[in-house]
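Taking it in order: structure first as structure tokens, then the write-up.
The values are calculated or read from the model by the stated rules, or taken from the named source; none is laboratory data. Just so it is clear, the structure is predicted and the values come from calculations on it, not from any experiment. All Cβ positions, glycine included, derive from the backbone under ideal geometry; neighbour counts span all protein chains shown. Accessible surface is based on the protein model in full, side chains and every heavy atom, while ligands, DNA and RNA are left aside. Shrake-Rupley method; radii C 1.70, N 1.55, O 1.52, S 1.80 Å.
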Amino acid sequence: MKWWLDFSSDAFMVAFYLYCASFITFAIAVGGKRWSNRKPEDHANRWGKIGFGLAVVGWIAHLTFFFTRWYGGGHIPTSNMYEFMTFLGMAIMFAFIIVHLIYRNMLLGAFALPLVVIIVAYASVFPSEVQPLIPALNNVWLKIHVTTAATGEAFFAVGFAAALVQLIRVVDFTRTDKAGRRSQFWTEFSLFVIIVLVGFIVAVFAFRGAGYEASFTQEKVTIADDGTALSEVNKVEYSLPPLVAPYNSETVVFKPFLGMSKPLVEAPSWLNGVNAGRKLNTIIWSVIAGVILYGILRLIARKKLTAAIHPHLSDIDADDLEEISYRAIAIGFPIFTLGALIFAMIWAQIAWSRFWGWDPKEVWALITWLFYSAYLHLRLSRGWQGTRSAWLAVIGFLVVMFTLVGVNLVIAGLHSYAGA
Amino acid sequence: MFQNTKCECGHQNPIGTVLCESCGKPLDEGLLKDENAQLEMRYDGVARRSQKANPHVVDRIWNFFSSVKIAVYLIVITLIGASLGTIFQQESTLINMTERSEFAAFYKEKYGTVGVIYHALGLSRTYESWWFITLLVMIGTSLVVCSLDRVLPLYRALSKQQIRKHLQFITRQQVVYVGTLKDEPKEWVGRFGQELKRKRYRVWQENGALLAEKNRFSRWGPYINHIGLIIFLLAVLGRSIPSWHMDQYLSLYEGETRQIPGTNYYLKSDKFTVDYYNDSELANNQKGTKVVKLYETQARLYECTDACDDPLAEPVLKEVMQHEIRVNSALTYKGLSIYQNSYQERVRLISVHPTLLDVGTGEAFGTFDLLMDHPDRNQFQVGDYTLKLNDYYPDFSLDEQKRPMTKSRDPNNPAFVFRIFGPGVQSKGEIYIYFPLPNEKSKYYEQVLNESFKIRGDNTGRFAVKVENPIVDGKMNNIEYSEYTTYLNIRVDKAMPYIWVGAAISMIGLIMGFYWQHRRIWLRVDGDKLSLGGHTNKNSFGLRADVAWALGRSGIEVSPKSLDNRRNSR
Ligand code: HEM
């Protein structure tokens with residue numbers, strides 16, 4: 001068993017590096033057209049094919065990871081945050097491969113692959129050990145539910161990637177009026193948000209690599225039913241230097257960082273959950289790392305990032321991108337409905353005795369579904385095709401990510417996996 | 001509004017028609033003016049039911065709900081409303097509270113001022129609130145009206161299509177090809193039709209004009225989906241019919257039998273078991289913690305067959321089913337489902353098997369059975385002695401005047417007051433109070449109280465009641481107790497079949513509508529000029545590929561991209 005699990009982790013690393021290589025190749029396909037003296041289409045096709053080949057091999061390694069971990073761990077690896085995120089990455093690759101085979105658009109790889117790389121790297125932030133199942137999770141319907149829901153979401157992710165390319169493609173940098181400036185700003189901002197997520201991952205791995213640690217104890221007093229005060233002492237461990245300490249806490253361990261040897265501030269009283277302070281600290285670090293990364297990229301590009309990417313997209317048709325984005329969402333919508341709502345209801349009925357319980361995670365799955373159904377209905381009228389529809393596809397994926405990650409971080413419910 | 005509804009082809013169209021129902025020529029002034037604009041092909045440009053000349057009040061309501069714009073507003077408002085309910089915990093998740101004041105206090109304590117506002121606004125009960133339910137009802141209405149408003153006109157438009165279309169209709173589609181034909185028109189059109197047939201189009205021809213169509217059925221997908229959603233919504237509303245829905249909790253300790261309220265059924269928990277993972281099965285960060293692997297209630301369901309409503313007689317029960325109820329495995333019997341909800345580790349005595357002893361000689365006179373919950377008799381024969389049960393306190397305590405009382409009906413600290421009669425005992429008997437629970441507090445009470453009886457002269461201190469050999473081989477002996485109380489969720493949900501049917505229909509509709517696309521190609525030859533137009537409700541990429549492929553096989557090489565007529569449309 002141990003052997004299978006080790007093999008599985010190796011396969012995962014192989015998949016990760018192949019995805020990175022595939023991304024670089026796709027980037028060359030899109031960005032390097034003027035390097036060689038070949039015709040630009042030939043260049044894009046050639047490198048695009050290599051990139052796609054690498055992506056497929058990477059995906060096979062990813063599948064190997066998945067099935068060997070399943071075998072070694074004794075249950076399908078979708079039951080904690082690490083496993084779910086790696087599965088989501090695998091599903092996005094699947095969706096990407098399908099959409100690529102339909103449209104054979106090289107540009108898509110240049111945007112879908114970094115997304116997968118980020119998701120897979122994000123998964124690695126969570127503890128990767130196999131954990132045994134708690135009774136409620138031990139049900140086939142749960143497995144079917146999680147895998148189909150993630151597949152639906154993966155198509156939304158591809159729709160998001162295409163929509164983002166479309167938006168960067170159509171931004172008009174010559175416009176100086178208010179609406180033009182606004183679209184320039186928001187497109188750039190979308191990239192910035194992605195970079196903040198990368199910043200988070202970089203920060204976590206940098207400090208983890210350096211072996212950084214700090215911990216606090218937090219005392220929490222609750223009044224029980226019979227009026228006695230119960231005091232509970234919780235230990236909170238930080239892996240990033242604590243700029244913000246938990247509310248009402250005592251420092252236990254604090255490795256000095258850049259001359260800082262105690263937290264700068266304490267979390268406000270309304271953030272008094274056990275891990276609230278740590279989460280706030282993580283968000284602050286992500287933004288700091290994201291801003292630094294963004295700054296470096298801006299220095300290299302010496303203009304807005306969207307403006308740097310924009311010229312490389314000039315020979316692609318915005319209508320094609322919009323079609324790809326819409327089609328990916330249209331393929332994903334029934335799968336999502338089936339997986340995230342219908343299968344979820346079947347599972348909930350079997351496990352919790354009610355097919356629907358207004359649990360935050362359920363509500364957010366419903367919100368995602370309503371959002372995409374609004375998107376589909378809006379597209380029925382011509383005014384909501386093109387750029388507006390692309391913005392909806394981008395926001396839609398934000399809603400998906402909030403449902404998957406945000407709900408666990410901010411609101412905890414029945415479905416919330418351990419960790420996070 | 002636009003008045004002249006008679007087309008130049010002679011067809012009289014209803015008011016609201018955008019494209020002539022017969023030849024497809026644009027009738028709408030806006031469309032006529034801008035010759036380059038692509039045609040609005042929704043419902044093939046036919047008038048909807050809601051487009052009437054003189055709307056009545058009923059029509060106005062109908063018109064309101066028939067608009068997709070309103071539907072989108074409703075969807076978006078519902079979406080935002082639903083998200084508000086996830087900000088803080090909902091009241092429905094706080095199962096141990098019932099009073100409004102309790103809830104108010106909870107929100108105040110847990111979330112502060114914001115929580116007070118949240119609770120006052122009723123957002124703590126978002127999903128049961130009148131406005132949320134109204135939104136769902138409005139969505140349902142909108143679904144019905146919108147679908148009816150469109151499905152009939154669409155059906156009419158698609159079931160009687162003209163083959164030869166107006167030139168403007170053809171050249172203003174999303175996929176267009178215009179060119180000169182070198183071959184003999186009639187023969188070429190025939191060949192082209194053959195090619196399209198190979199792509200599974202149905203093809204009609206009429207002197208130099210052609211109509212090819214495939215996957216029309218996918219147009220009904222959205223409507224089937226909406227029908228499914230309506231059934232689903234109705235089923236959800238149907239759950240508020242009282243007899244359709246039951247949802248209650250029942251707690252049982254091991255060995256207990258209880259009636260399921262409101263039914264003729266009784267449920268017994270034979271045993272409750274919990275298994276934990278052992279350390280070797282746990283991940284490193286979990287080692288040393290107790291992680292539950294499995295918990296189950298071994299349950300028996302009985303049906304009452306006689307004396308069910310008679311408070312004096314014991315009901316006659318017939319066992320109908322046995323099941324090990326687990327989190328993912330409910331007991332279901334005739335529409336009644338019993339689910340494992342949770343459990344509590346709480347020791348509770350069920351019965352003891354004590355001995356009557358002579359304190360002086362240590363002689364044992366005999367043993368008897370004593371049930372904790374509702375002692376089933378008031379006299380026990382032990383050897384030569386008779387023990388009469390004078391009083392029973394399930395949850396013994398002393399009140400302010402130091403008088404004995406019971407705090408509850410649960411046997412948390414049972415006490416039995418006996419009067420002992422027999423050889424060598426004074427005629428009024430000896431009073432003895434017995435506390436079976438083997439803890440210090442009980443034993444202290446037992447000692448002090450019997451001491452006070454002795455002072456009063458009711459007790460000589462000759463007798464003692466106690467369980468002998470309470471532990472044998474590390475196991476409890478002569479004592480029966482329950483270690484766990486199980487909490488079960490009892491449910492009846494008669495709406496479930498409709499919920500699943502609605503969901504299934506909806507899914508079928510979605511698949512029909514999204515994985516197949518309705519594609520149509522119109523073509524006409526005027527002299528040697530070939531005009532071709534194509535339309536699809538989705539995936540024009542696929543349609544262009546079809547057209548380019550068929551054209552290529554009929555001797556006209558074009559790239560699929562060049563057929564795209566949407567160039568200037570945005
Ligand atoms: C609020 C009530 C609703 C109304 C009035 C409404 C109305 C409509 C209308 C008129 C169409 C166009 C049908 C056609 O052109 O063939 C449509 C399509 C559709 N509706 Fe709804 N709808 C509603 C709610 C929903 C909801 C809640 C869903 C959730 C899944 C939904 C899913 C769809 C889908 C998937 C389509 C097909 C869209 C497409 O072809 O791109 N509808 N709806």
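Below is a table of values for the structure above.
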item: Å² of accessible area per residue within the protein assembly as shown, as computed with a 1.4 Å probe and no ligands counted; result: 48
item: Among the listed pairs B:LYS108/B:LYS407; B:LYS334/B:LYS494; B:LYS268/B:LYS388, those beyond 21 Å (Cα-Cα); result: B:LYS108/B:LYS407; B:LYS268/B:LYS388
item: Among A:THR148, A:SER286, B:GLY179 the positive-end extreme of the charge dipole of the protein assembly as shown (Cβ point charges); result: B:GLY179
item: Label point distance in nm, B:ASN278-B:GLU187, each placed 7 Å from Cα along Cα→Cβ; result: 8.7
item: Sites B:LEU294 and B:SER562 - FRET efficiency at Förster radius 60 Å, r taken between beta-carbons, to 0.05; result: 0.40
item: A:VAL252/A:ALA210 FRET efficiency (R0 22 Å; Cβ-Cβ; nearest 0.05); result: 0.70
item: Spin-label model distance (nm) - B:ASP270 vs A:ALA307, 7 Å beyond Cα toward Cβ; result: 7.8
item: With all protein chains modelled, accessible area of B:LYS475 [1.4 Å, Å²]; result: 150
item: Rounded to the nearest 20 debye, dipole of chain A from Cβ charges on Lys, Arg, Asp, Glu; result: 1320
item: Listed residues B:VAL316, B:LEU563, B:VAL382: farthest to the positive end of the dipole of chain B (Cβ charges); result: B:LEU563
item: Cβ neighbours within 10 Å from other chains - mean over A:351-364; result: 6
item: Cysteines (scope chain B) whose Cβ has no counterpart Cys Cβ under 4.7 Å; result: B:CYS146
item: Extension gain (nm, one decimal) between B:SER240 and B:THR263, 0.36 nm per residue minus Cα-Cα; result: 6.4 nm
item: Label-point gap, in nm, between B:ASN469 and B:SER408 - each point 7 angstrom along Cα→Cβ; result: 3.5
item: Cut-off 20 Å, label 7 Å out along Cα→Cβ of A:ASP10, residues of the range A:126-150 by amide N; result: A:128-130
item: Over 24 Å (Cα to Cα) - which of A:LYS279/B:LYS110; B:LYS182/B:LYS214; A:LYS143/B:LYS538; B:LYS165/B:LYS214 fall in this group; result: B:LYS182/B:LYS214; A:LYS143/B:LYS538
item: Amide proton proximity set for B:LYS271, modelled H, under 5 Å, gap of 5+; result: B:GLY255, B:GLN298
item: Estimated dipole of the protein assembly as shown in Debye, rounded to 20 [Cβ of Lys and Arg +1, of Asp and Glu -1, Cα centre]; result: 5340
item: Area accessible to solvent at A:TRP186, 1.4 Å probe radius, in Å²; result: 120
item: Kyte-Doolittle mean at least 0.5 and Cα axial length at least 27 Å: DSSP H helices in chain B; result: B:130-159, B:496-515
item: At least 27 Å along the helix axis (C-alpha) and Kyte average at least 1.0, DSSP helices within chain A; result: A:2-31, A:81-103, A:140-170, A:178-209, A:276-301
item: Carbon/sulfur fraction of accessible area - chain A, other protein chains in place, 1.4 Å, %; result: 66
item: Per-pair calculated FRET efficiency, R0 = 51 Å: B:LYS287 and B:LYS454 via Cβ, rounded to 0.05; result: 0.35
